[in-house]
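A.B. asks: Sending over a structure as structure tokens; questions will come in a sec.
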């Protein structure tokens with residue numbers, strides 16, 4: 001089985017998590033903290049855009065007879 005391809009959303013989210021860990025360590029200079037924060041904001045916006053696109057696609061796929069049927073995803077009780 002071929003390895004699963006990484007998607008830009010997952011890559012951006014992983015980079016964002018690493019930036020947060022880096023900033024939480026508190027070892028960055030003020031200048032590096034600001035640069036890291038700016039990069040984090042950029043990645044957050046990218047992730048939000050991708051989530052919005054996915055939500056729009058799901059709504060289109062759920063459309064029936066010209067009406068959108070919205071329903072909650074079942075909760076995972078694991």
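A.B. asks: Test of understanding: among 52, 12, which residue is touching a helix residue (DSSP H, G or I) at 6+ places or on another chain (Cβ under 7 Å) and part of a helix (DSSP H, G or I)?
C.D. replies: 12
A.B. asks: Select, from 27, 78, 72, the only residue that is more than 13 Å from the chain's Cα centre (by Cα), exposed (fewer than 12 other Cβ atoms within 10 Å of the Cβ), in a loop (DSSP other than H, G, I, E, B) and at pLDDT 75 or above.
C.D. replies: Just a single option satisfies the conditions, and that option is 27.
A.B. asks: Tally the residues that are surrounded by 15 or more Cβ atoms within 10 Å (Cβ to Cβ) and under 11 Å from residue 43 (Cα atoms), restricting the search to segment 14-24. Working first, answer last.
C.D. replies: So the first thing to find is which residues in segment 14-24 are surrounded by 15 or more Cβ atoms within 10 Å (Cβ to Cβ), and the list is 15-16, 19, 22-23.
Checking the rest, the ones that are also under 11 Å from residue 43 (Cα atoms) come to 15-16, 19.
So the answer is 3.
The values are calculated or read from the model by the stated rules, or taken from the named source; none is laboratory data. Please read these numbers as outputs of a predicted model, since none were measured by experiment. Virtual Cβ from ideal backbone geometry, glycine too; neighbours counted across all protein chains shown.
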